[in-house]
Each structure stands twice: as C-alpha cells, then as structure tokens.
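Colleague: Sharing a structure with you now.
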Amino acid sequence: MRRINFLLACVCIMALTIPAVSEKPTTLITAGSRKLAPDFTLQSSGGTAIKLSGYRGKIVLLDFWATWCHGCMTEIPWYIEFQQKYKERGFAAIGVSMDDDGWKAVKPFMAEHKINYPIVIGNEGLAKQYMVEQMPVTLLIDEQGRIAESYSGVIDKAAFEADIRALLDALEQHR
C-alpha cells in the first residue's frame, strides 16, 4: 500500500506541474451504457456503516482522495458546497480516503475543513475495483447505482456541477 501511495504522490506532484484539466470530456455516459458501480460497505468516522448500494435512489458523488493530495484539496471545498446545495434534491457525496494513516490523518482534516458528508477509509482492493491509479478520482453514480461519469485528476467545477444538475433533473423526472 505504501508503494501505491508513493506512486500516487508522484502522480499528484506531476499533475501540479501541468494545467489541471479533466481527463475526459464532461458529457455523461448514456444511461444504457452505464455499468453498475462496485458495492462496498465501510465504516464512517462516526462508526456508521456506509454501504454504497444503500444510496440507490440518489445521485452519488464518490471521491477517492487523500490528505496529502493537492488536487484533492482543491476539490473538497467544491464537494462540501455541492453537498449543501443539492442534498435536498437527492444528491449525496461520499469521500473515500486513501491515507495510509487512516483515521489518525483523516479525522483532524475533517474537523478542520468542516466536511459535511460521510468519509470512509478505502483500501487497495476497493481502489482496484474502481481503477484508482492516481488521485483524485471522482465518480458520479446515478440513482440506479450505475457509473454515469468517472473523472481522473482535478475536475472542471462548472462542467461537473452541470453533470450533477443533469442527473438530478433526470432523477426528478422519474419521480
């Protein structure tokens, strides 16, 4: 795991030397082509079990991050904002920290940054399931638990928020 984190740190440092751009265009994967997101159950900082499939019926932002990742530090305030702005419409953010020190590093960070969504501690197996090779990696998961978009690197805030709104609009039309 330390070797993976070392590689992830190197990639984050390299990413800082070039303009931060989403790896993919911000268009959503068409509904018929979306694949089911791998399910997981992990404990939140408060000890609550967070099960991804328990969020069915909501639009989920799933963020793989670490306290040492500078790109992650850019995005987290946006995700706090999105959680506050869209939670009443059926949106939920979940952070998956990939810090080796686990809660020892993450809990103080959460308190300092006033994170308003659940955080869990990820593991190598989960990272492999989601093909996390660098951080940040952020996914949008539709109300049926399918991956609607996957971003590697720092996202474009405006385009990402437009994708969130599009998914929420579609969710509201189905209700």
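The values are calculated or read from the model by the stated rules, or taken from the named source; none is laboratory data. Since this is a predicted model, take the numbers as computed values, not measurements. Cβ sites come from the backbone with ideal geometry, for glycine too, and all protein chains shown count toward neighbours.
Colleague: Answer with yes or no whether ILE80 is in contact with a helix residue (DSSP H, G or I) (Cβ under 8 Å, 6 or more places away or on another chain), surrounded by fewer than 19 Cβ atoms within 10 Å (Cβ to Cβ), at pLDDT 95 or above and not small (Gly, Ala, Ser).
Modeller: Here the answer is yes, as ILE80 does meet what is asked.
Colleague: Oh, and also: Check every one of the strands (runs of 3 or more DSSP E) wholly within the stretch 96-175 and list those with 1 or more residues that are among the hydroxyl-bearing types (Ser, Thr, Tyr).
Modeller: 137-141, 147-152
Colleague: Is there a residue in the stretch 51-63 that is surrounded by 14 or more Cβ atoms within 10 Å (Cβ to Cβ), more than 28 Å from HIS174 (Cβ to Cβ), at pLDDT 95 or above and under 13 Å from the mean Cα position of the chain (by Cα)?
Modeller: Within the stretch 51-63, not a single residue is surrounded by 14 or more Cβ atoms within 10 Å (Cβ to Cβ), more than 28 Å from HIS174 (Cβ to Cβ), at pLDDT 95 or above and under 13 Å from the mean Cα position of the chain (by Cα).
Colleague: What number of residues within the stretch 75-115 satisfy the criterion of being out of contact with any Leu (no Cβ under 9 Å at 6 or more places or on another chain) and closer than 15 Å to GLU161 by Cα?
Modeller: Quick first cut of the stretch 75-115, residues out of contact with any Leu (no Cβ under 9 Å at 6 or more places or on another chain) only: 75-78, 80-81, 84-85, 87-88, 97, 99-115.
Going one step further and asking which of them are closer than 15 Å to GLU161 by Cα, we end up with 75-78, 80-81, 84-85, 87.
Residues in the stretch 75-115 being out of contact with any Leu (no Cβ under 9 Å at 6 or more places or on another chain) and closer than 15 Å to GLU161 by Cα: 9 in total.
Colleague: Check whether at least one residue in the stretch 89-98 is touching a residue at least 60 places away in the same chain (Cβ under 8 Å) and among the basic types (Lys, Arg), and report yes or no.
Modeller: Yes: the stretch 89-98 contains one or more residues that are touching a residue at least 60 places away in the same chain (Cβ under 8 Å) and among the basic types (Lys, Arg).
Colleague: Something else: Please go through (1) surrounded by 13 or more Cβ atoms within 10 Å (Cβ to Cβ); (2) touching a Lys or Arg at 6+ places or on another chain (Cβ under 6 Å); (3) over 18 Å from LEU168 (Cβ atoms) for MET110 and return the number of the only condition it doesn't satisfy.
Modeller: Among (1) surrounded by 13 or more Cβ atoms within 10 Å (Cβ to Cβ); (2) touching a Lys or Arg at 6+ places or on another chain (Cβ under 6 Å); (3) over 18 Å from LEU168 (Cβ atoms), the lone unmet condition for MET110 is (2).
Colleague: Moving on. How many residues are aliphatic (A, V, I, L, M) and touching a helix residue (DSSP H, G or I) at 6+ places or on another chain (Cβ under 7 Å) if we restrict to the stretch 61-77?
Modeller: 3
Colleague: Within the stretch 132-175, take every residue that is of a type in the set (A, V, I, L, M, F, W, C) and touching a helix residue (DSSP H, G or I) at 6+ places or on another chain (Cβ under 7 Å) and give me the one that is nearest to GLY57 (Cα to Cα).
Modeller: Among residues in the stretch 132-175 that are of a type in the set (A, V, I, L, M, F, W, C) and touching a helix residue (DSSP H, G or I) at 6+ places or on another chain (Cβ under 7 Å), the one nearest to GLY57 (Cα to Cα) is LEU168.
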